[in-house]
Structure formats: structure tokens, C-alpha cells
Amino acid sequence: MDLTLKGIEQRVGAATHLYPIDLTLVPRAVTVLLGATQAGKTTLMRLMAGLDMPSAGRVMADGRDVTGVPVRERNVAMVYQQFINYPSMTVADNIASPLKLRKESGIDARVNELAAKLHIEPFLKRLPAELSGGQQQRVALARALAKKAPLMLLDEPLVNLDYKLREELRDELSALFATGESTVVYATTEPTEALLLGGYTAVMDAGELLQYGPTAEVFHRPRSIRVARAFSDPPMNLLAAQATAGGIVLPAGVTLPLALPPKQTTTGFQALTVGIRASALRVRSRPGDLSLPGQVELAEISGSDTFVHVETSIGELVAQLPGVHVLTLGAPITLHLSPAQVYVFDARGDLLIAPGASPGEEKN
């Protein structure tokens, strides 16, 4: 499906839930709606589905204005955080229900195919109440996939599952979406999930669409500090800085040998913000690195990584170190950073320099 939103807004009383949004989804691909809780993701998906009427703007599907057309008259498949299955029907009948409505042939083969892909074959004769939460969510996903709808909307479908099951289902969903049978919109609060699903990402914050593009591009080239904050886990380290003739000066006089784009003013002092991803900080130095001695304030082990909070002369930094590190609180530690790995934002929060980009590339 070709889906385009033109000037879509949503207001409820005096409250604005969505500010004007223009968005054309890449057809037959995955678009991730990424943003914190109350960013507007669910509101936008409800407008896409036809569950709600926008306060202003139009929804175009395959070139046709479907604004106000109710969801029952649209060919849309939806999966929510809270899985919804028919309690009195077996797993097999739940999956088959959209196929039976369309009176399709080969229903049993299609049900078995989807059950195999989602590893729920042993449960086809059971009722949903006899399954675990993860298995019930797989049933809901299988039923949505069975519909073969041109538009599939998934609103944080894995959020209520345990960590291991989320990881497993993400991999399976990525493989299923790769077939390109549907235009998929997938809402999540987790940057890692967006990166794993790939495709395209629309970053949202407080009812605004901040940036849309290929997921890797949005991650590596966040248009603003707001996008960088939304697309960083753990949050990007942000430091006040100033531009001088000798480079970009951080607190305590630490200087980064970076030049601003030619269009930027270089007279006097210019207020900037320097962003450093936690993964860019290391404990082993490389040639040309900036060394930042400090003390361990906190060390958190998360999966196969250790997140270390370090108090340095330029402020508190969070470093994401691969592996499990046992660190003593208050112990000295030196973090190392390549100046080429920093982001630089102007006083308005717009991106000036990104890793791998030559000065001026971001603001042509």
C-alpha cells in the first residue's frame, strides 16, 4: 500500500496530540515509529487505520482519500500491546478466521505455514487461555499475517513479553517482514528494536514528527538533539561547548580539533552542544584519542555490556563497554574518545557535524 499523510493533526479539546504531519511511507517496507511514551505513536497509527478521524489533514491510500473511511471498510491488520484473540476458538481457528471471512481456499495449509514460522504448531488445537502470554501474542501475530493486508500496524506488540522472547520474536518478525508483502508500521519506544528491524524510522516526540528516513541514516545522522535523544540507548552524552579559532572547547578547557562548517560564524565565541554516544567511549586508547581521566560513579551490567558512569573534568559521562566489567565505585578510570566520533549541534539544537561527515555536509 502507498500511504501518505497530508497535514494530519489531532486535537482533543484544548490539547494537541499531533501537530501537522506530512509523511509518505515507503511502500512494502517496514517503518518504525520511534518515540517515548506519549510521543503520539498510537494516535498516529489510529488515524492510519481509520479508527479515529483527524482534526485536520487527509489520509491517502493508493492515491485515494480515505480520511473518515472507517476501519471495517479498510483492509488493515492490527496487533496491539495487549494481544487479542477469540477465547472460544482454537489457535487454528483464530489464525484461520480472516481467511474464512474471505472464503479462501487452502486455509489449512496457510494456517500450518504460519504456525510453523511462529513456532506454535503444537498448540493449534488448544484454546488461547491454555497458552502462555508469549504464545498468545504469536497467535495474534499469525492471525494478522494471515490476513495479508496491504497495511499492517503493530503497536508495541512485544512490550509485555520477557526479554528472551522479545529477542526471539524480533528476529522472526524481521524475516517475515522481509517478504515485502505489506507496508508495515511498527511502534516502539526502544532504539535497539528500531535498529534490529531496520527498514525506515520515523522519530516522534511530543506529537511532532522530527525525522523520517532509512533507519541507519537517521541513527547516524540525527537531524537535531531531539532526534539524537530519542534514538540513543543509553542516552547520548550532551556537553555544553564553544567554538573558537582553535577548535571546539569543552568544559575545563578540553579542546576538540574540529572545524565548523564554512557557513557557520567563527568570530568570537559560539555556543554549541557536543554529543557523544556511550558506545564511542573506550578504556583502551588509540592514536589520536582524547583521554578523559575520571572516577567510577556507577557500573551497571546489562546483558553482555557494562554501562559505566564516570565523573570527568568535562562532566559525567556514560560509557558502554563491551563485556562484563567489575569496577569499584570511586576507582580511577580513563576513558578514551576519538574526536572524529563526536556530534556537534548549534545553539538551536540542529546538527552541524556528525561522525564520518565532512564539515558542512549536514547543512548544505
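A few points about this structure:
- The range 45-99 shape via C-alpha gyration tensor axes, a/c threshold 1.5: prolate
- Overall, the range 197-276 carries a charge dipole of about 180 debye about its Cα centre when +1 sits on the Cβ of Lys and Arg and -1 on the Cβ of Asp and Glu, all other atoms neutral.
- Pairs of lysine residues in the chain - Cα separation under 21 Å, sequence separation of 8 or more or cross-chain: 13
- Shape box of the chain [Cα atoms, principal axes, largest first, Å]: 72, 48, 36
- Solvent-free Debye scattering, log10 I(q)/I(0), computed from the Cα coordinates of the range 237-363 at q = 0.11, 0.12, 0.16, 0.22 Å⁻¹: -0.40, -0.47, -0.78, -1.26
- Listed residues Val324, Val79, Val185, most fluctuating in the chain (Gaussian network, C-alpha, under 10 Å): Val324
- Size of electric dipole in the chain: Cβ of Lys, Arg +1 and of Asp, Glu -1, about Cα centre, debye, nearest 20: 740
- About the Cα centre, charge dipole magnitude for the range 237-363 (Lys/Arg +1, Asp/Glu -1 at Cβ), debye: 300
- Seen against the Cα atoms of the chain and their longest principal axis, helix 107-117 is set at about 20 degrees.
- Loop-located GluC sites (Glu not before Pro) in the range 145-190 (DSSP state not H, G, I, E or B) with no more than 15 neighbouring Cβ atoms inside 10 Å: Glu181.
- 5 angstrom amide H check on Phe231, placed H, neighbours 5+ away: none
- Our summary gives the chain a relative contact order of 15 percent, counting only alpha carbon pairs under 8 angstrom and 6 or more residues apart.
- By DSSP, the beta bridges lying fully in the range 3-230 are antiparallel in about 50 percent of cases.
- Global form of the range 101-157, assessed from the alpha-carbon gyration tensor, a/c cut-off 1.5: oblate
- Each 5 Å bin from zero up to the one holding the largest Cα-Cα distance in the range 1-154 carries the following percent of pairs: 2, 9, 17, 18, 16, 13, 12, 8, 4, 1, 0.
- Simple spin-label estimate for Lys164 and Leu127 in nanometres, 7 Å along Cα-Cβ: 2.9
- Rounded to the nearest 10 degrees, the inclination of helix 91-101 to the longest alpha-carbon principal axis of the chain is 70 degrees.
The numbers here are math on the coordinates, done by the rules we state, and not lab data. Owing to the predicted nature of the structure, the values given are computational and were not obtained by experimental measurement. For neighbour counting, all protein chains shown are included, and Cβ atoms are generated from backbone atoms with ideal geometry for every residue, glycine included.
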